[in-house]
1. What residue, of 4, 62, is closer than 21 Å to residue 181 by Cβ and either assigned to a loop (DSSP other than H, G, I, E, B) or in contact with a strand residue (DSSP E or B) (Cβ under 9 Å, 6 or more places away or on another chain) (or both)?
2. Can you find a residue that is more than 16 Å from residue 83 (Cα to Cα), touching a helix residue (DSSP H, G or I) at 6+ places or on another chain (Cβ under 6 Å), in contact (Cβ under 8 Å) with a residue 12 or more places away in the chain and buried (at least 18 other Cβ atoms within 10 Å of the Cβ) anywhere in the range 166-174?
3. Only one of these conditions is not met by residue 146: (1) buried (at least 19 other Cβ atoms within 10 Å of the Cβ); (2) over 18 Å from residue 70 (Cα atoms). Which number is it?
4. Find the helices (runs of 4 or more DSSP H) located wholly in the range 112-201 whose residues include 1 or more that are closer than 16 Å to residue 73 by Cα, and list them.
5. Within the group 131, 77, which residue is surrounded by 15 or more Cβ atoms within 10 Å (Cβ to Cβ), within 23 Å of residue 150 (Cβ to Cβ) and touching a helix residue (DSSP H, G or I) at 6+ places or on another chain (Cβ under 7 Å)?
6. Just to check your reading of the model, which residue among 67, 50 is closer than 28 Å to residue 96 by Cβ and buried (at least 23 other Cβ atoms within 10 Å of the Cβ)?
7. Using the structure shown, decide if residue 104 is touching a residue at least 12 places away in the same chain (Cβ under 8 Å), assigned to a helix (DSSP H, G or I), more than 15 Å from residue 69 (Cα to Cα) and in contact with a helix residue (DSSP H, G or I) (Cβ under 8 Å, 6 or more places away or on another chain).
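Nothing in this text is a laboratory measurement; each read-out follows from the coordinates by a stated rule. Everything quoted here is computed from the prediction, not taken from an experiment. Note that we place each Cβ from the backbone using ideal geometry, even for glycine, and neighbour counts take in every protein chain shown.
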């Protein structure tokens, strides 16, 4: 599951089990990316609080399918297959159009996002790529491009936070050798109306 010791639901103590009960999916399964925090449950709480609010909060105004698309793209650039597979499945469920989902994935794999996204979305994808691969090169003019593309400042923050979260998640996975063994691919805390609902369905 990873290169460090982890504690599964069955063997968790009261403190860890309380958090696991909030994040678990069917059959008491906890995704490996979350279970890898088990030796420090407070970092699991931090991870989930960030993840839930960055991607699954009703106050976001950018469509969730597009935020998931950015997450897949960032994960692909970081060569994090764990997050690519989990979030591509989430994207596929949100879009409910396998042809479109597969076209999005192919455009990322071929580095041709312009084949799928309109000019506004493409500006966000390009910003995501730059922030992922060369963050120190991002300048105010890159934000100006997003504003010209009709993203308001709050939406720019949403894009920035999704990119930043996925870079964090990718490095958690890659740095600790987390794999998908035993995971149910594509579960997520989709109840955007309740920020405290971390349950994976």
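1. 4
2. No, the conditions are met nowhere in the range 166-174.
3. (2)
4. Filter on the range 112-201 gives 119-133, 153-176.
5. Exactly one of 131, 77 is surrounded by 15 or more Cβ atoms within 10 Å (Cβ to Cβ), within 23 Å of residue 150 (Cβ to Cβ) and touching a helix residue (DSSP H, G or I) at 6+ places or on another chain (Cβ under 7 Å), namely 131.
6. 67
7. Criteria not met by residue 104.
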